[in-house]
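These notes concern the structure reproduced below.
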Amino acid sequence: MQLDHRIPSGPLTEKWDRFRFETNLINPANKRKFEIIVVGAGLAGASASATLGELGYNVKTFCIQDSPRRGHSIAAQGGINAAKNYQNDGDSIWRLFYDTIKGGDFRAREANVYRLAQISNQIIDQCVAQGVPFAREYGGLLANRSFGGAQVSRTFYARGQTGQQLLLGAYSAMMRQVKAGKVTLHPRSEMMDLVVINGQARGIVTRNLITGAIESHAADAVVLATGGYGNAYYLSTNAMASNVTATWRAYKRGAAFANPCFVQIHPTCIPVHGTYQSKLTLMSESLRNDGRVWVPTRIGDKRPPAEIPEPERDYYLEQKYPSFGNLVPRDVASRNAKEKCDQSKGVGDTGLAVYLDFADAINRLGEAAIRQKYGNLFDMYEKITGQDPVKEPMTIYPAVHYTMGGLWVDYHLMSTVPGLFVLGEANFSDHGANRLGASALMQGLADGYFVLPATISSHFSESAMVPITTSHPAFTEAIDTTKGRIQRLLSINGKRTPDDFHRELGLLLWDHCGMARNEAGLKLALGRLPELKENFWYDLKVTGSGADLNQTLERAGRVADFIEFAEVMILDALSRQESCGCHFREESQTAEHEAKRMDDTYSHVSAWQYQGEGQTPQLHKEPLVFENIQLSQRSYK
Amino acid sequence: MTIIHLTLKIWRQTGPESKGSFKTYESGPITTAMSFLEMLDVLNERLILNGEEPVAFDHDCREGICGMCGSVINGTPHGPEKKTTLCQLHMRHFKDGDTLVIEPFRSRAFKLVKDLIVDRSAFDAIIAEGGYVSVNTGGTPDANAIPIPTFMAEQALDAAECIGCGACVAACPNASAMLFVGAKISHLALLPQGQPERSKRALAMVKKMDELGFGNCGNEKYCEKSCPKGISISNIARLNREFMRAAFCSEE
C-alpha cells in the first residue's frame, strides 16, 4: 500500500490556492449526474451535504438518529476557533497554525493544519450569514474568549452550546437542500458495509433501524462523517450511539486506519459513581480558569473537604507547573489526576476523583460574579450530582472525550480506497496527538463546507466512472455478509448482554490503553482480546428479531466491532514507543515525568492495513516533514 | 447512597399498527444517583436476561442537548423537574415505593414507532419549508460586517436553544407545535440575516405545520412548562405577529 499524501508543492501559504487553481472542475451541468453518499449528519456530514447539494450534486445523507439534527457535535460546549484577530491581540493564521501543530505535539501534517487555519475565518463568516447567534459585545461586534490555555482570544461561542448552534446552522442549510430536492435524507439508517468495485468506493449497505430491512445504495463516491470511536472505552463523553462501525467496515474493505491509539482524555468530567453508569458528562474546561485543583496531602484522608486545613491540601498542578498552573493542556491535567489517585489520594466515594475548588475565586470576586460566569455549568453539575459547587468543591475525574486517530486520508481527505472520503473526527488528519479546545468544531466545518466540496471534483474529473447499479455482485456479497452477521448475533442465545461485554472491553482498555500505557499492560490487554471475542460470540444474548426495531441487536453489532477495533488500537499503542500528546508511554518520560517524544524514530503517521480475519494488520508509515516550524519539547513549567 | 424501589407502568406497543397497553414492572433496587434512563437500562438488562424484549426508548447524548430522549412521566413530558430533559432527570427526585407511569409522546403528527419511541420527522419537514437563511457556502460577507445589538443576539439565542424534542407537542392539549415553530421563526426574525425571507418563512412554515396535523395554540402554556430549555411562549406571540404581518402586509 502506497501512502501518497498528495500535498501540493510550493510554499505552505500557497498550497491550498494552488490546489484549487490546478484542480479540474466539473461543469455545472454535469454535477447533477453524480451521486454522493454522505454517512453521518453531525457538523462534518451536514455541512458537506448542504454544500454538495448547493453545488448541484445529488446527495443521499444517512444517520442513525431519528433526525439529522442530533449528531453528537451538538454537545460541544466551549466554542470554535478562528484566526480573525478581531481582538487585535496578535493572532494570525500563522499563529493558529503553529498553536495547533504544537498542541498536537508535532504529529500532524503541516499542510493540512495550515489549510485549516486559513479556512477558519471563512467558517465564521458562513455561520454568521446563516444566522448562528454567536455571543456579541455591546457595540454589536462578535465576542471572543481565550480557551484551552491559548494566549490569544480567538474562540467564538454561543453561551455553553456552541456545538448546538453550529450544528443547527449546518442542519438548516442541509434541510434547504432537502427542500430543493438535492439532498435525500435517510434517518434511522445504519451503515453496515462499504461496497468497493474495481478498487473504488461505490456504495454502502445499510440497515433500516425501524423495519430491519437491509438496503443497498450505489453512488459515485462515499463520504464518511461518522465521528470518533471513544465509546470503545464504554464510558466516555460521547453519545450512546457513537460507534466505530462505519469506519471499521471501511477498514475491512481496504481503508487504512491511522493513529488509532491517539485518544484524548478530558480532565474535567463528572466522576463515575456506579457500575450502572451509562456515560460520563464533561464540564467545560473553562472552569479551570477559576477553579483550583487539589487533593489531600495525606494518603486515604476521608475527611470532608471543608475539614481539611489549607496546609494539608496539595494543589499539585500549581506546584508542579508554576507558570500554567491549573491551565495546563488536557493531557497533562488528566495524567496528573490519575497519578494522585494511583497514590490513593483520590477523593469521593470511589477515590477516583480530585477536587476543583471555587472557594478562592468566590472570596476574591464574590459568589454573584462566579455564578454569572459558570452558572449554567454549576446547574448542570448540581442536576447530576445533587451538590452545589458554591458550597463544596466539585469532584472531577478525566474521561475519554475525543479521538484524534481515524481513517487515514490524504490532502484531498480521500482514504486509501479511492472514492471514499472521510471528514471530521472520523479522519485522523489535523489534531496530531492531542486536540486543542475549540478546534473540533473548526475542523468538522472546514472539512464539510470547504475542503471536500473542492477536492471531490478532482476525484470525479480524474477517475473513469463506470455506471454501476445495486445489482452488481459486490452489493449482493455485502448484503449476504451483513445478513449472515446479524443472523449469527441473533442465534447465539447465550447469557450475557451486549452492554455487559462492552463494559468488560471498556475497563480493559481504560486500565491498559488509557491515560498511561506500558508494554506489559498493553500486551496483557492484547492477550485478553481473543478470549473476550470468543466469549462474545459464544455467550451473547440478543432478544427479538432482525425484522423490526431492535436496539439490543444494534448495540451488539457495534460492540462486536469495538472488540475487533481494540486490537488495532492496542497494537498502535505498542508500536509507538515514544510519548507524545495524549499517548503517554511510561517507558518514555523525562526525569520530571513528562512525556518524552522521540522525533528521530516516531515522527510519522502510523497507518494500519487490514490483512484478513485473524491476521495481524500491517503497519505503514507516512513520514511527517516539518519545513516551516521548529520541533520543540512542550513545557508548561 | 440511597436505594429505592419503584413500580413502573410502561407503555408497550410492538409497532404502529398493533394495540398497545401498559405493563407493570418492579424496578428492583435503584440507587438515587442514577439517571432516569439508567434506571430503564437496569430494567432492560434484566428483561434481556429473562428473554423478554427490552423497552424501546430513544436517547443519545444523555446530557440534555440532542433532543432525542423524552417520554411522559406521570402525565408530564420529561418528568417532574423543570427545565430538565428525561436523560438529566435523576432518581433522587423520586421516593421509595413511588409508582411511575411511563408513556410515549402522543400526538396525531408523531406516529408511534415502538414502545416509547415516536416518529418526530414532522419537525424536520417544517424546518425544510423555511427554517433557514438561503445562503450558499462561500461568498458571505465578513462576520463583523453587520453589527447586531447584544440583546437581540441574546434573544435570538434564547429561541434558538430549542432542542426539537417534541415535549411541547406532547404537553399541549391541542398537540400544537407552535412553540417549536415559534422558536425557529423568532430566532431568524430577530436577526438581520433572517430579514429577506422573513415573510415567506412565516407563511411556509405555518402552512406546513397545519398540513401535518398539529393543532392550534390555546394559550394553555403547558408547552412552556414542559420545555426542557425553558423556551418562552412569547415566541408563540411573535409567531402570530410574524404570520399576521406576512399575511396582510407582505408584498410577495
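The values are calculated or read from the model by the stated rules, or taken from the named source; none is laboratory data. Given the structure is predicted, the values throughout are model-derived calculations rather than measurements. Because the Cβ atoms are built from the backbone with ideal geometry, glycine has one as well, and the counts that use them run over all protein chains shown.
See the values below:
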{"item": "Filter result for the condition that a residue is of a type outside the set (G, A, S) and either part of a loop (DSSP other than H, G, I, E, B) or within 14 Å of chain B (Cβ to nearest Cβ) (or both), over A:E339, A:E382", "result": "A:E382"}
{"item": "Residue, surrounded by the fewest Cβ atoms within 10 Å (Cβ to Cβ), within region A:516-539, restricted to residues that are at pLDDT 95 or above and either not in a helix (DSSP H, G or I) or not assigned by TED's automatic domain parsing to the domain that holds A:R496 (or both)", "result": "A:N518"}
{"item": "Qualifying residue in region A:426-433 (condition: surrounded by fewer than 19 Cβ atoms within 10 Å (Cβ to Cβ) and assigned to a loop (DSSP other than H, G, I, E, B))", "result": "no"}
{"item": "In region B:124-143, residue surrounded by the fewest Cβ atoms within 10 Å (Cβ to Cβ) [restricted to those that are part of a helix (DSSP H, G or I) and facing another protein chain (nearest Cβ under 7 Å)]", "result": "B:D124"}
{"item": "Subset of region B:91-121 (residues that are within 10 Å of chain A (Cβ to nearest Cβ) and crowded, with 22+ Cβ neighbours inside 10 Å)", "result": "B:V113, B:K114, B:D115, B:I117, B:V118, B:R120"}
{"item": "Residue satisfying all of: in region B:30-47; outside any helix (DSSP H, G or I) and more than 7 Å from chain A (Cβ to nearest Cβ); farthest from A:V542 (Cα to Cα) among these", "result": "B:T32"}
{"item": "Condition check for A:K483: free of Cβ contacts under 8 Å to residues at least 60 places away in the same chain and either surrounded by fewer than 23 Cβ atoms within 10 Å (Cβ to Cβ) or within 14 Å of chain B (Cβ to nearest Cβ) (or both)", "result": "no"}
{"item": "Hey, A:A353 among the small types (G, A, S), touching a residue at least 12 places away in the same chain (Cβ under 8 Å), under 16 Å from A:M283 (Cβ atoms) and away from every other protein chain (no Cβ under 14 Å) or not", "result": "no"}
{"item": "Filtered residues of region B:225-247 (kept if outside any loop (DSSP other than H, G, I, E, B), within 16 Å of B:Q155 (Cβ to Cβ) and not polar (S, T, N, Q))", "result": "B:I236, B:A237, B:R238, B:L239, B:R241, B:E242"}
{"item": "Some residue of region A:369-389 being crowded, with 19+ Cβ neighbours inside 10 Å, more than 28 Å from A:G79 (Cβ to Cβ) and either in contact with a strand residue (DSSP E or B) (Cβ under 8 Å, 6 or more places away or on another chain) or of a type outside the set (K, R) (or both)", "result": "no"}
{"item": "Selection within region B:37-89 - touching a Pro at 6+ places or on another chain (Cβ under 7 Å) and without any contact (Cβ under 8 Å) to a residue 24 or more places away in the chain", "result": "B:N44, B:L47, B:I48"}
{"item": "Some residue of region B:56-63 being over 27 Å from A:R496 (Cβ atoms), more than 11 Å from chain A (Cβ to nearest Cβ) and in a loop (DSSP other than H, G, I, E, B)", "result": "no"}
{"item": "Residue count, region A:275-290 (criterion: within 14 Å of chain B (Cβ to nearest Cβ) and touching a strand residue (DSSP E or B) at 6+ places or on another chain (Cβ under 6 Å))", "result": "3"}
{"item": "Output for region A:434-456, where each listed residue is more than 16 Å from A:R109 (Cα to Cα) and either at pLDDT below 95 or assigned to a loop (DSSP other than H, G, I, E, B) (or both)", "result": "A:G437, A:A438"}
{"item": "Given (1) closer than 28 Å to A:A438 by Cβ; (2) within 14 Å of chain B (Cβ to nearest Cβ), index of the condition A:W294 fails", "result": "(2)"}
{"item": "Scan of region B:147-174 for residues that are at the interface with chain A (Cβ under 8 Å from one of its Cβ atoms), in contact (Cβ under 8 Å) with a residue 40 or more places away in the chain and touching a helix residue (DSSP H, G or I) at 6+ places or on another chain (Cβ under 6 Å), ordered by number", "result": "B:G164"}
{"item": "Filtered residue count, region B:180-199, keeping only those that are away from chain A (no Cβ under 12 Å) and over 20 Å from the mean Cα position of the chain (by Cα)", "result": "1"}
{"item": "Residue list for region B:80-95, filter: more than 19 Å from the chain's Cα centre (by Cα) and assigned to a loop (DSSP other than H, G, I, E, B)", "result": "B:F94, B:K95"}
{"item": "Residue match in region A:255-274 (condition: away from chain B (no Cβ under 14 Å), in a helix (DSSP H, G or I) and either among the hydroxyl-bearing types (S, T, Y) or under 23 Å from A:G375 (Cβ atoms) (or both))", "result": "no"}
{"item": "Subset of region A:470-519 (residues that are more than 27 Å from the chain's Cα centre (by Cα) and among the hydrophobic types (A, V, I, L, M, F, W, C))", "result": "A:A474, A:F475, A:A478, A:I479, A:I486, A:L489, A:L490, A:I492"}
{"item": "Unique match (being exposed (fewer than 15 other Cβ atoms within 10 Å of the Cβ), in the same structural domain as B:I127 (by TED's automatic domain parsing), more than 17 Å from the chain's Cα centre (by Cα) and not β-branched (V, I, T)) among B:G218, B:G213", "result": "B:G218"}
{"item": "Selected residue (criterion: modelled with the lowest pLDDT) from residues of region A:289-301 that are surrounded by fewer than 17 Cβ atoms within 10 Å (Cβ to Cβ) and under 36 Å from the mean Cα position of the chain (by Cα)", "result": "A:N289"}
